[in-house]
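Since the structure comes first, as structure tokens, the remarks are kept for the end.
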Amino acid sequence: MRGVVFVGDRQLDMRELPKPAPGPGEVVLAMKASGLCGSDLRPYRMPRAQRGNPIALAVGGHEPCGVVAEVGPGVTTVQVGDRVMMHHYTGCGTCRMCRIGYTQMCLHHHEVYGFTQGGGHQDFLKVPVPTCVALPEALSFEEGAACACGTGTAFHALKRLGISGIDTIAIFGQGPVGLSATQFAATMGARVIAVDVVPERLELATQLGADLAIDASADPPVEAIRALTHGEGADATLDATGIPEVRLNAVDSVRLWGRVCFVGEGNTTTFDVSPQIIHKQLTIYGSWTFSLSGLAEVANFVVERRVPLKDLITHRFTLDQAAEAYQLFDSGRTGKVVLIWP
Ligand SMILES: [Zn+2]
Ligand SMILES: [Zn+2]
């Protein structure tokens, strides 16, 4: 079977690997869809020297979705043929965070599939049974893959913000996470202001339900958002970029008593805390993906509210075309990009 590894310097290695066999409590998934997520661009772009010994690198891809192909000894809760999304983390399984399904926050040690363990960019993936979450019949594998990280992250960030139909939310960054947030916030009834610098992504944001789109390269976004909110600022803002200057904009464009959520990872940002945060009485959330039950929750929301998640997916490639898929995704002009096994 084949597997794709990020070796650094925007290069991928396609490897021939032995097909895994499930041990006790494990299953092997036949991949049907494996999403590309913004956080994959970090190892993808990293200089080769920093990535280290290529032989030791795990297969990439942390949005795996597929069918149970084989079950190990003692496995009773899933069966061959089950359609599943994978929650791409494991922890000790017994600490307080693991018990509430936040295995990525395990108090002892956690593994991340697609980074420290082999991920979804391979034909077959061996995983512990508790990481498998049933994919609703009404969802396609590629929609399930999106839910498994980027789209799920967007949904749970909006939950943290308590978004409802009385809110105007400004969403900074319209990549796959920001676009999902736009689509969900619109479904929740909010008025959505989408902010980005890429015309293709702003166009897509408008198609997915944004009321207004601001091109931050042409229009200073803080002023533009105030102009659209009676000079007060948005009720809530979400940063899906991780860019320091954009984080400042997210804080500066929210109204007095507003709520801000950060999901974009990396970088250091400096705030002038008194004027920017304290004197505005802000509530600021950090939101890191979601729990095991949170994955089921976002998938159910998509089904029950008929969110057209497939419209988020702009490009599909096979595993053999992974290099082309990443090259395109790296350009920053796409919606969601997924690898599929047709
Ligand atoms: Zn734990
Ligand atoms: Zn991700």
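The values are calculated or read from the model by the stated rules, or taken from the named source; none is laboratory data. Remember, it's a predicted structure, so these values are computed and weren't measured experimentally. All Cβ positions, glycine included, derive from the backbone under ideal geometry; neighbour counts span all protein chains shown. Surface areas here come from the heavy atoms of the whole protein model, side chains and all, with no ligands, DNA or RNA. Shrake-Rupley method; radii C 1.70, N 1.55, O 1.52, S 1.80 Å.
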Quiz prompt | Subset of the stretch 164-187 (residues that are in contact (Cβ under 8 Å) with a residue 60 or more places away in the chain, open to solvent by 20 Å² or more (accessible area, probe 1.4 Å) and in a loop (DSSP other than H, G, I, E, B)) | solution = I166
Quiz item: Just checking, which of T116, T151, T187, T182 is within 16 Å of ligand 1 (Cβ to nearest atom) and either over 22 Å from L238 (Cβ atoms) or at pLDDT 95 or above (or both)?
Solution: T116
Practice problem: Could you grab me the full set of residues in the stretch 41-50 that are surrounded by fewer than 16 Cβ atoms within 10 Å (Cβ to Cβ) and part of a helix (DSSP H, G or I)? | Solution: R42, R45, R48, A49, Q50
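A quick yes/no check of all residues on (1) within 16 Å of ligand 2 (Cβ to nearest atom); (2) among the β-branched types (V, I, T); (3) more than 21 Å from L12 (Cβ to Cβ):
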| site | (1), (2), (3) |
| --- | --- |
| V112 | yes, yes, no |
| G120 | yes, no, no |
| P128 | no, no, yes |
| A138 | no, no, yes |
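Looking at this structure, is A69 out of contact with any Cys (no Cβ under 6 Å at 6 or more places or on another chain), away from ligand 1 (no atom under 16 Å from the Cβ) and open to solvent by 30 Å² or more (accessible area, probe 1.4 Å)?
So A69 passes the test.
Applying the selection to the stretch 188-198, what residues are part of a loop (DSSP other than H, G, I, E, B), without any contact (Cβ under 8 Å) to a residue 60 or more places away in the chain and either touching a Gly at 6+ places or on another chain (Cβ under 8 Å) or more than 23 Å from S217 (Cβ to Cβ) (or both)? So that I can check it myself, show each step before the final result.
Quick first cut of the stretch 188-198, residues part of a loop (DSSP other than H, G, I, E, B) only: 188-190, 197-198.
Now drop any that are not without any contact (Cβ under 8 Å) to a residue 60 or more places away in the chain, which leaves 188-190, 197.
If the condition is that a residue be part of a loop (DSSP other than H, G, I, E, B), without any contact (Cβ under 8 Å) to a residue 60 or more places away in the chain and either touching a Gly at 6+ places or on another chain (Cβ under 8 Å) or more than 23 Å from S217 (Cβ to Cβ) (or both), then M188, G189, A190 are the ones that fit.
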Quiz item: If we keep just the residues of the stretch 8-29 that are open to solvent by 20 Å² or more (accessible area, probe 1.4 Å) and hydrophobic (A, V, I, L, M, F, W, C), which is nearest to ligand 1 (Cβ to nearest atom)?
Solution: A21
Practice problem: Only strands (runs of 3 or more DSSP E) wholly contained in the stretch 51-155 count here; list those with 1 or more residues that are farther than 24 Å from P342 by Cα. | Solution: 124-128
Exercise. Filter the stretch 216-230 for residues that are open to solvent by less than 50 Å² (accessible area, probe 1.4 Å) and in contact with a strand residue (DSSP E or B) (Cβ under 8 Å, 6 or more places away or on another chain) and give the result.
Key: A216, P221, A224, I225, T229
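Table: residues versus (1) closer than 17 Å to A299 by Cβ; (2) basic (K, R); (3) more than 16 Å from ligand 1 (Cβ to nearest atom).
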| position | (1), (2), (3) |
| --- | --- |
| S39 | no, no, yes |
| R42 | no, yes, yes |
| R51 | no, yes, yes |
| G60 | no, no, yes |
| D82 | yes, no, yes |
| R99 | no, yes, no |
| A134 | yes, no, yes |
Practice problem: Considering only the stretch 204-279, give the strands (runs of 3 or more DSSP E) lying wholly within it that have at least 1 residues that are over 19 Å from G178 (Cα atoms) and at pLDDT 95 or above. | Solution: 254-262
Exercise. Identify, by number, the condition in (1) touching a strand residue (DSSP E or B) at 6+ places or on another chain (Cβ under 6 Å); (2) within 16 Å of ligand 2 (Cβ to nearest atom) that V78 doesn't meet.
Key: (2)
Practice problem: Could you please tell me which pairs satisfy a Cβ distance under 6 Å, a separation of 6+ or placement on different chains, a first residue in the stretch 97-108 that is at pLDDT below 95 and of a type in the set (D, E), and a second residue that is assigned to a loop (DSSP other than H, G, I, E, B) and within 16 Å of ligand 2 (Cβ to nearest atom)? | Solution: none
Exercise. Within the stretch 85-115, work out how many residues are closer than 26 Å to R42 by Cα, open to solvent by 40 Å² or more (accessible area, probe 1.4 Å) and among the hydrophobic types (A, V, I, L, M, F, W, C).
Key: 3
